[in-house]
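What follows is a single structure, written as structure tokens, with notes after it.
No value in this document is a laboratory result; all are computed from the given coordinates. All values derive from a computational prediction rather than experimental measurement. Cβ sites come from the backbone with ideal geometry, for glycine too, and all protein chains shown count toward neighbours.
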Amino acid sequence: MAGRQGLVRWALGSAVLMAIGAFGPWVKALGQSVGGTDGSNDGWLVVAAAAIGGLLFYATRSTRAAGIWTLLAGAAGLAVTVYDRNNIQNKINQSGAFVKALASVGWGLNLALAASASMALAGLIWVAQTGGQEAALQAPLSAPPVSEPPPVVSAPPES
């Protein structure tokens, strides 16, 4: 049971860190930063994935579905953050040495990326650990029913 509580903390902690990273700076240049949720940036998608994934995980934490929700939410956050990090880094690299010296990917984007990967991994482990437990619970239900022997019919006595 202690392992399961650890997984619950891990999954929910990852969701919180995803949201913190989404609100943190995603790009820094000349002492200024742009957060993932400034304007209509993609950080809002990470916040949504963290919130929905965390809530669905908590609501279904006694089932295998909790791990699936966590895995999907982490994968969604990971897709957004990997895309944005590559996009930002490519723009910095294409802008020349001066911009490379002044601009960088912010800690918020890196945190959101790592927390998304962590959430997906927690979901994968949850699914792996609960798969055998649910199968064991369902095994007696899927066993064939026990058939009763046919009734014994005796012939009427001859008179």
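Consider the stretch 5-62. How many of its residues are aliphatic (A, V, I, L, M), under 19 Å from the mean Cα position of the chain (by Cα) and farther than 19 Å from L78 by Cβ?
Of the stretch 5-62, the ones aliphatic (A, V, I, L, M) are 7-8, 11-12, 15-20, 22, 27, 29-30, 34, 45-52, 55-56, 59.
Still in the list and also under 19 Å from the mean Cα position of the chain (by Cα): 7-8, 11-12, 15-20, 22, 45-52, 55-56, 59.
Still in the list and also farther than 19 Å from L78 by Cβ: 8, 59.
The total comes to 2.
Taking the stretch 55-77 as the search range and keeping residues that are within 16 Å of A128 (Cβ to Cβ) and among the polar types (S, T, N, Q), which one is surrounded by the most Cβ atoms within 10 Å (Cβ to Cβ)? First the steps, then the outcome.
Pass one, the stretch 55-77, residues within 16 Å of A128 (Cβ to Cβ): 57, 61, 63-72, 74-75.
Checking which are among the polar types (S, T, N, Q) leaves us with 63, 70.
Details: T63: 14, T70: 32.
Once the filter is applied, the top-ranked residue is T70.
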**Q.** For K91: the one exception among (1) crowded, with 19+ Cβ neighbours inside 10 Å; (2) over 22 Å from I125 (Cβ atoms)
**A.** (1)
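Per-residue answers, yes or no, for (1) part of a helix (DSSP H, G or I); (2) at positive phi; (3) aromatic (F, W, Y); (4) touching a residue at least 40 places away in the same chain (Cβ under 8 Å):
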site	(1), (2), (3), (4)
G3	yes, no, no, yes
L7	yes, no, no, yes
K28	no, no, no, yes
A48	yes, no, no, no
A75	yes, no, no, yes
D84	yes, no, no, yes
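Can you name every residue in the stretch 9-26 that is outside any loop (DSSP other than H, G, I, E, B) and touching a Leu at 6+ places or on another chain (Cβ under 7 Å)?
First, the residues of the stretch 9-26 that are outside any loop (DSSP other than H, G, I, E, B): 9-23, 25-26.
If the condition is that a residue be outside any loop (DSSP other than H, G, I, E, B) and touching a Leu at 6+ places or on another chain (Cβ under 7 Å), then L17, I20, G21, W26 are the ones that fit.
Residue under question is V99, and the condition is that it be in contact with an Asp or Glu (Cβ under 8 Å, 6 or more places away or on another chain), among the β-branched types (V, I, T) and part of a helix (DSSP H, G or I); does it hold?
Working: in contact with an Asp or Glu (Cβ under 8 Å, 6 or more places away or on another chain): no; among the β-branched types (V, I, T): yes; part of a helix (DSSP H, G or I): yes.
When the stated conditions are applied, V99 does not pass them.
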